[in-house]
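A.B. asks: Take a look at the following structure, please.
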Amino acid sequence: MSRSQDEPSLTYPLRGGTALEPPPEWATLRQECPVARVTLPSGDEAALLTRYEDVRQVLSDRRFSRRLTADDAARMADHESGGVFNSDMALAIPESGAAHRRWRRMLGRWLTAERVAALRPGIEARTERLVDDMVEQGHPADLRAHLAFPLPVWVVCELLGVPDAHHDRFARWSDTLLNLTRCTQEEFDAAQDDFVDYLGAQVHARQEEPSDDLLGALVTARDTDGHRLSERELVFTGQALLVAGHETTMNVIAKMVALLLADRRRWERLLADPSLVPTAVEEALRFDADPGVGMPRYLGEEAEIAGTVLPPGTTVLCSAAAANRDESAFVAPGEMALDRSPNPHLAFGAGPQSCPGQALARTVLRTVLDVLLRRLPSLELAAPAADLRRLEGLAVGGLREVPVRW
């Protein structure tokens, strides 16, 4: 690694001065130590990448896999198994080769931009109702609790065809699986077993009686060669969509609104020109200073990154957030430019393993912003931006609350 083995490793995740600010170490690491040694919540060590080209290269390189179940892979969480990244869930979905391409094709038939666009009226109607409820309660209100939390889980439940009335259990399971520091191995195993049992029952129900939702479509889908997804693949696909679609989108909604309100000039510009909403969403994704631990990868053979030779068995953390602030890839990366275009950020990853649900996430984020600008033009933070508090201990970064008034 770039750092001498005699140098102490950095405690990871790194933190900014406030919940919306990037860690000051990012700029130094990009300039002086692009492959840094970090200590994870588990106590294990990993290599941290912070430069745009390095992160993009690794995310597109098949030598760096999601196989963190290897005996010498670093554990992410502080319990025995290492958590969701080190679990079988990470391997249930094929990650390379013909099997991965087939899985993405079969899922992609449902997650096309056109099909997702057709979901927008329903997403907009649900957003309107959630805003109505928030307004009826009065301000100050917590936008995270009233909108950012309930909307994404409803969207994913609608997509999969599972009852959104069960959102409390989905949230409980997801929080446990993504927890790095605050749950035991027994709690993690129980959440995983309950989640798998629940989705297994949903798959069995659709095998008995077909349905027109995503889970039902995947149960009956056949690829061009006649291949069908296994029950294991179906269950873990549903789990991945529920966990990622719920947790990450919820946190991005909260941080996007907080960032736009933290500097009132940003909100006013969108009010004056709502056509900037699509580029503003992309810029919020790029500007997010705390998306979580990043994208971990396992190196099964020797490889060289940024002039550093990494030995087999290295766990590599790709910090897309740090890469998205790289001066070599973005003009004035420390400024939130709502009209930035092009904006090749890495928030959804890169290469063949980029997030398959990104069209859905973009639709949700754009819809939320459109509705809030139209319904609550006077929206503002009800507390100083510097006082916003982080969600601690989760693999995905977020805010504990977003207090607003209007």
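The values are calculated or read from the model by the stated rules, or taken from the named source; none is laboratory data. Keep in mind it's a predicted model, so treat the numbers as computed, not measured. Here the Cβ is made from the backbone with ideal geometry for all residues, glycine too, and neighbour counts use every protein chain on show. Only protein heavy atoms, including side chains, enter the accessible area calculation; ligands, DNA and RNA are left aside. Shrake-Rupley method; radii C 1.70, N 1.55, O 1.52, S 1.80 Å.
A.B. asks: Residues in the stretch 167-189 that are open to solvent by less than 50 Å² (accessible area, probe 1.4 Å) and part of a helix (DSSP H, G or I): how many?
C.D. replies: 8
A.B. asks: Test SER319 against the criterion of being of a type in the set (Gly, Ala, Ser), open to solvent by 40 Å² or more (accessible area, probe 1.4 Å), touching a residue at least 40 places away in the same chain (Cβ under 8 Å) and farther than 22 Å from LEU270 by Cβ, and give yes or no.
C.D. replies: Criteria not met by SER319.
A.B. asks: Give the residue that is farthest from the chain's Cα centre (by Cα), with candidates limited to residues of the stretch 295-325 that are assigned to a loop (DSSP other than H, G, I, E, B) and either closer than 19 Å to PRO13 by Cβ or hydrophobic (A, V, I, L, M, F, W, C) (or both).
C.D. replies: The qualifying residue farthest from the chain's Cα centre (by Cα) is ALA306.
A.B. asks: Related question: Does the stretch 48-65 contain at least one residue that is of a type in the set (D, E, K, R), open to solvent by less than 20 Å² (accessible area, probe 1.4 Å) and touching a Pro at 6+ places or on another chain (Cβ under 7 Å)?
C.D. replies: Checking the stretch 48-65: at least one residue is of a type in the set (D, E, K, R), open to solvent by less than 20 Å² (accessible area, probe 1.4 Å) and touching a Pro at 6+ places or on another chain (Cβ under 7 Å).
A.B. asks: Same structure, new question: Looking only at the stretch 372-403, how many residues end up being of a type in the set (Val, Ile, Thr) and touching an Asp or Glu at 6+ places or on another chain (Cβ under 6 Å)?
C.D. replies: The number of residues fulfilling the criteria is 1.
A.B. asks: Residue check: is ALA145 assigned to a helix (DSSP H, G or I), under 30 Å from ALA258 (Cβ atoms) and under 19 Å from the mean Cα position of the chain (by Cα)?
C.D. replies: Taking the combined requirement at face value, the residue satisfies it.
For (1) over 30 Å from ASP370 (Cβ atoms); (2) of a type in the set (Lys, Arg), each residue gets a yes or a no:
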| site | (1), (2) |
| --- | --- |
| ARG182 | yes, yes |
| GLU187 | yes, no |
| ALA205 | yes, no |
| ASP212 | no, no |
| ARG228 | yes, yes |
| LYS255 | no, yes |
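A.B. asks: Specify which of the listed residues (PHE188, PHE170, PHE195) is within 27 Å of SER211 (Cα to Cα), touching a helix residue (DSSP H, G or I) at 6+ places or on another chain (Cβ under 8 Å) and modelled with pLDDT of 90 or more.
C.D. replies: PHE195
A.B. asks: Does GLY238 fit the bill of being in contact with a Gly (Cβ under 8 Å, 6 or more places away or on another chain), touching a residue at least 40 places away in the same chain (Cβ under 8 Å), of a type in the set (Gly, Ala, Ser) and open to solvent by less than 20 Å² (accessible area, probe 1.4 Å)?
C.D. replies: So GLY238 does not fit the description; no.
A.B. asks: For the stretch 191-231, how many residues meet the condition of being open to solvent by 40 Å² or more (accessible area, probe 1.4 Å) and in contact with an Asp or Glu (Cβ under 9 Å, 6 or more places away or on another chain)?
C.D. replies: Going through the stretch 191-231 one residue at a time, the tally reaches 2.
A.B. asks: Hey, can you tell me all the residues within the stretch 241-294 that are of a type in the set (Val, Ile, Thr), part of a helix (DSSP H, G or I) and either more than 14 Å from LEU365 (Cβ to Cβ) or open to solvent by 10 Å² or more (accessible area, probe 1.4 Å) (or both)?
C.D. replies: The answer is VAL243, THR248, THR249, VAL252, THR279.
A.B. asks: Being modelled with pLDDT under 95, open to solvent by 40 Å² or more (accessible area, probe 1.4 Å) and touching a strand residue (DSSP E or B) at 6+ places or on another chain (Cβ under 8 Å) is the requirement here; does SER2 meet it?
C.D. replies: Yes; evaluated as a whole, the condition is true for this residue.
A.B. asks: Any residue in the stretch 17-37 that's among the aromatic types (Phe, Trp, Tyr): show its pairings with residues that are outside any loop (DSSP other than H, G, I, E, B) and surrounded by 19 or more Cβ atoms within 10 Å (Cβ to Cβ) at Cβ separation under 9 Å, as long as the two are six or more apart or on different chains.
C.D. replies: TRP26/ALA321; TRP26/ALA322
A.B. asks: Would you confirm, using the coordinates I've provided, whether GLU25 is of a type in the set (Asp, Glu), within 25 Å of VAL243 (Cβ to Cβ) and open to solvent by 50 Å² or more (accessible area, probe 1.4 Å)?
C.D. replies: no
A.B. asks: Can you tell me which residues in the stretch 286-327 are among the acidic types (Asp, Glu) and touching a helix residue (DSSP H, G or I) at 6+ places or on another chain (Cβ under 6 Å)?
C.D. replies: Residues satisfying the conditions are ASP288, ASP326.
A.B. asks: Restricting attention to the stretch 28-42, report how many residues are at pLDDT 95 or above and open to solvent by 30 Å² or more (accessible area, probe 1.4 Å).
C.D. replies: Of the residues in the stretch 28-42, 4 are at pLDDT 95 or above and open to solvent by 30 Å² or more (accessible area, probe 1.4 Å).
A quick yes/no check of all residues on (1) in contact with a helix residue (DSSP H, G or I) (Cβ under 7 Å, 6 or more places away or on another chain); (2) open to solvent by less than 70 Å² (accessible area, probe 1.4 Å):
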position	(1), (2)
GLY108	no, yes
ALA113	yes, yes
PRO121	no, no
ALA125	no, yes
VAL135	no, yes
GLY138	no, yes
LEU147	yes, yes
